Amino acid sequence: MKQYLYITVFLFSILGFSQNMALFEQGNTFYNEGKYQDAIKKYEAILETDEHSAELYFNLGNAHYKLNHIAPSVYYYEKALQLKPNDSEIKNNLNFAKNMTLDAIDVIPEVGMSKVLNNVSGVLSFDVWAIIAICFVVLSVVLFINYIMSEGTKTKRFSFTFGFACLFLMLGSLVSAFHKYNLDKADNPAIVFTQESKVKSEPNLRSEEAFRLHEGTKVQVLDTVENWKKIKLTDGKMGWIPSNDIKLLNRF
């Protein structure tokens with residue numbers, strides 16, 4: 001009975017993949033013909049099947065960019081960049097889309113140990129840092145066993161020295177792993193989707209207006225209170241924005 005179930009699931013997966021490929025090709029055809037809205041409908045039909053890829057988001061961003069849809073083009077380029085963070089073409093098109101935004105927000109530069117730790121931790125993912133830490137633990141244990149079992153002075157000195165070096169490297173890897181985990185957990189970006197949004201000092205309409213943001217601007221979401229999101233900009237400004245005015249990037 002299980003075999004029939006597996007075969008059925010497999011066949012439906014193949015069928016769904018074929019349908020999505022057909023939709024993708026149709027979307028590309030519409031895009032090349034300059035029918036950008038029709039292309040968007042085909043690409044969005046793929047998203048409705050929970051199919052996600054950097055290529056799909058990139059093409060959606062391109063189609064919206066051609067229609068001068070600022071927020072959606074920035075949003076989909078950012079989504080593509082999440083799946084392919086080192087893709088130069090995505091980064092280039094994202095910069096073009098950002099040039100259409102109205103808000104010019106400064107970036108507070110990182111300094112000191114915080115900058116060094118962020119740069120080092122950001123090189124690898126949490127999982128990779130954790131694996132490296134485990135490898136250093138195993139290596140240090142092997143070296144210390146070799147230190148105990150060996151009789152030669154040079155071998156003992158080598159095992160002892162590099163055993164402690166592996167322990168220090170293990171601690172460094174653990175620090176990087178947990179720092180990367182905290183960075184990823186705190187990273188909750190969103191894109192402003194309304195043409196203009198009034199950011200308040202408190203999460204209610206009666207509070208004082210702190211500043212205004214326009215479509216396409218990227219923000220970090222810090223907290224949620226009912227229908228309000230607490231946001232932070234790269235220049236350090238913070239405030240509360242209606243939840244419907246932004247679209248979170250980390251949701252797939």
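The values are calculated or read from the model by the stated rules, or taken from the named source; none is laboratory data. Since the model is a prediction, treat every value here as computed from it, not as a measurement. Positions of Cβ are backbone-derived with ideal geometry, glycine not excepted, and every protein chain shown enters the neighbour counts.
Results for (1) in contact (Cβ under 8 Å) with a residue 40 or more places away in the chain; (2) part of a loop (DSSP other than H, G, I, E, B); (3) under 26 Å from LYS91 (Cβ atoms), shown as yes or no for each residue.
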position: GLN19; (1), (2), (3): no, no, no
position: GLY27; (1), (2), (3): no, no, yes
position: ASP38; (1), (2), (3): no, no, no
position: LYS41; (1), (2), (3): no, no, no
position: ALA45; (1), (2), (3): no, no, no
position: THR49; (1), (2), (3): no, yes, no
position: GLU55; (1), (2), (3): no, no, yes
query: Of the residues PHE17, PHE58, PHE24, which is modelled with pLDDT under 95, of a type in the set (Phe, Trp, Tyr) and in contact with a Lys or Arg (Cβ under 9 Å, 6 or more places away or on another chain)?
result: PHE24
field: Hits in the range 214-231 (condition: among the charged types (D, E, K, R), closer than 24 Å to ILE108 by Cα and more than 17 Å from the chain's Cα centre (by Cα))
entry: GLU215, ASP223, LYS229, LYS230
task: Quick one: in the range 186-203, of everything that is surrounded by fewer than 15 Cβ atoms within 10 Å (Cβ to Cβ) and charged (D, E, K, R), which residue is nearest to LEU233 (Cα to Cα)?
output: ASP187
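Residue-wise test of (1) under 23 Å from the mean Cα position of the chain (by Cα); (2) more than 29 Å from VAL120 (Cβ to Cβ); (3) free of Cβ contacts under 8 Å to residues at least 40 places away in the same chain; (4) not in a loop (DSSP other than H, G, I, E, B).
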{"residue": "SER173", "(1), (2), (3), (4)": "yes, no, no, yes"}
{"residue": "ASN182", "(1), (2), (3), (4)": "yes, no, yes, yes"}
{"residue": "GLU202", "(1), (2), (3), (4)": "no, yes, yes, no"}
{"residue": "ARG206", "(1), (2), (3), (4)": "no, yes, yes, no"}
{"residue": "ARG212", "(1), (2), (3), (4)": "no, yes, yes, yes"}
{"residue": "ASP235", "(1), (2), (3), (4)": "yes, no, no, no"}
{"residue": "LYS247", "(1), (2), (3), (4)": "yes, yes, no, yes"}
task: Take LYS198 and decide whether it is touching a residue at least 12 places away in the same chain (Cβ under 8 Å), under 30 Å from LYS79 (Cβ atoms) and of a type in the set (D, E, K, R).
output: yes
